[in-house]
1. Can you flag which of K50/K94; K114/K144; K69/K150; K50/K150; K47/K150; K61/K150 are past 31 Å Cα-Cα?
2. Separation of the range 1-73 and the range 91-163 by C-alpha centroid, Å?
3. Which order do the peptides 119-127, 56-64 take when ranked by the mean count of other beta-carbon atoms within 10 Å per residue, highest first?
4. What ranking do 8-21, 70-83 get when scored by the average of other Cβ atoms within 10 Å per residue, highest first?
5. What value, in deg cm²/dmol to 500, does the helix sum -39500 (n - 2.57) over DSSP H runs of n ≥ 4 give at 222 nm once divided by the residues of the chain?
6. For the range 3-121, state what percent of all Cα-Cα pairs lands in each successive 5 Å bin, counting from 0 Å until the bin that includes the largest distance.
Amino acid sequence: MDIRDAVEADLPEIVEIYNTTIPYQTVTADLEPVTVESRRDWFHSHKPGKRPLWVVESEGKVVAWLGFKSFYGRPAYETTAELSVYVSPDYRHKGIGRMLVQEAIAHSPAFGIKTLLGFIFAENVPSLCLFERLGFQRWGYLPKVAEFGKIERDLVILGLRLS
């Protein structure tokens, strides 16, 4: 499996992987599937060497992705980035998410990033465990900030200071 910078031709597979998580209501706050067109600007907001979007490819197919997102959009937060990690259902629990986050940690200083964040629903125990095993600590807890019909979800903010 290879990690590489995403290209626009990967966007349909990236969207497909993302959309597989929506029904769980524990991974993303989207309530309906997104479209390739609706994610085009998001895709172009990622810049290799600063805020990349990586994909993991296996046998010519994108099976996972990781994106770096600027935190809060203000200049003083330039050295902080939020990570998003999504893995195709057939490839979950095989260490791919761990590999991606480890690579993100290793390459962040080269992107000028000193602090990494993860925003994870409290019910998403596998993701919480993954980030915590890699050194992230719980920095914040926002109770009942997301609503999925009658279900309210808590959000955990995890952080890792790199320098």
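Where a number appears in this text, it was derived from the coordinates with a stated rule and is not lab data. Source: prediction; values computed, not measured. As a convention, Cβ positions derive from the backbone with ideal geometry for all residues, glycine included, and neighbour counts pool all protein chains shown.
1. K50/K150; K47/K150; K61/K150, as the Cα separations exceed 31 Å there.
2. Centre-to-centre distance over Cα atoms comes out at 16 Å.
3. 119-127, 56-64
4. Numbers: 8-21: 16.6, 70-83: 14.2.
Going from most to least packed, we get 8-21, 70-83.
5. Numbers: 4 runs with 35 residues, N = 163.
So the helix-based figure for the chain works out to -6000 deg cm²/dmol.
6. Here the calculated profile for the range 3-121 is 2, 11, 22, 25, 21, 14, 4, 1, 0.
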